[in-house]
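Reading through the structure tokens given below for one structure.
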Amino acid sequence: MIVIAIGALFLGIAGAFAPSFAEDMSTIAERAQIAPQTVILQFVEKVESARALETDELYRAQLAFLVPVVGDTFDMGAMSAAIVGRVVWRGWSEDERTDFADIMTEFLAATIASRLKLETDAPTEIQATIDGPRGTKIVQTFSTQNGESIRVDYRLSQIERGWAIVDIVADAKVSEVARRRAEFLGIIRNQGHEGIIAAIGKKLEQLGQTGT
């Protein structure tokens, strides 16, 4: 059992986004060998680094720090396609897909940043890594907040750069992908790509107001 502090950040949060740094082929090959559990540990460490930042504009600094972390750790292309549905995704142009994946990356990073002020009673415990559907791996974690034990599972899929998160499931029942799809489905159906981009943009503004 591996223990590291992060807290229950994902209760209620929720082309692929490309990392802002270039990687040579040797680096990509090395990353492809990193185990799913290690991917989660590295992600947790980076989130904790964002929590430890000290600046007058803390939320903005944390958001700027977390956007590339989320873009690198998550397969936002796959998550975005699952959220909007395969039929809609295939109907969008490459630019529209990229726009949606990019704004979802920022939205997820903003959601995490807005919750970093929450205190937890105990560090997160990574309990196990098990096989998931269609070749995925599920990293099971537990933490304690306000005396309540909280389970958060990360589902990862192996892509070219290595294992990447494709969904987060809280308390073994609340899928981030399913939750966002239910939330966005009506907007996408009635207002299309422009409507959902605008709607998520408003959510980002609201998170910015509450986070600062």
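Values in this text are rule-based calculations from the coordinates and carry no lab data. Quantities reported herein were computed from a predicted structural model and do not represent experimental measurements. Using ideal geometry, Cβ is built from the backbone for each residue, glycine included, and neighbour counts are taken over all protein chains shown.
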Per-residue Cβ contact counts at 10 Å, fewest first, order E176, E54, E194 as E54, E194, E176
So the FRET efficiency between I130 and R60, C-beta based with R0 = 45 Å and rounded to 0.05, is 0.75
Ordered by fewest other Cβ atoms within 10 Å, a rough proxy for footprinting exposure, S149, S114, S93, S175 read S93, S149, S175, S114
Taking a label point 7 Å from the Cα of S93 along Cα-to-Cβ, the residues of the stretch 172-212 whose backbone nitrogen sits under 15 Å from it are 193-195
Any trypsin sites (Lys or Arg not before Pro) in the stretch 85-171 that lie in a DSSP loop and have at most 12 other Cβ atoms within 10 Å would be K117
With DSSP loop assignment and no more than 14 other C-beta atoms within 10 Å, the GluC sites (Glu not before Pro) in the stretch 55-146 are E57, E119
Here the net charge surrounding A172, from other residues whose Cβ is less than 11 Å away from its Cβ (Lys, Arg +1; Asp, Glu -1), is 0
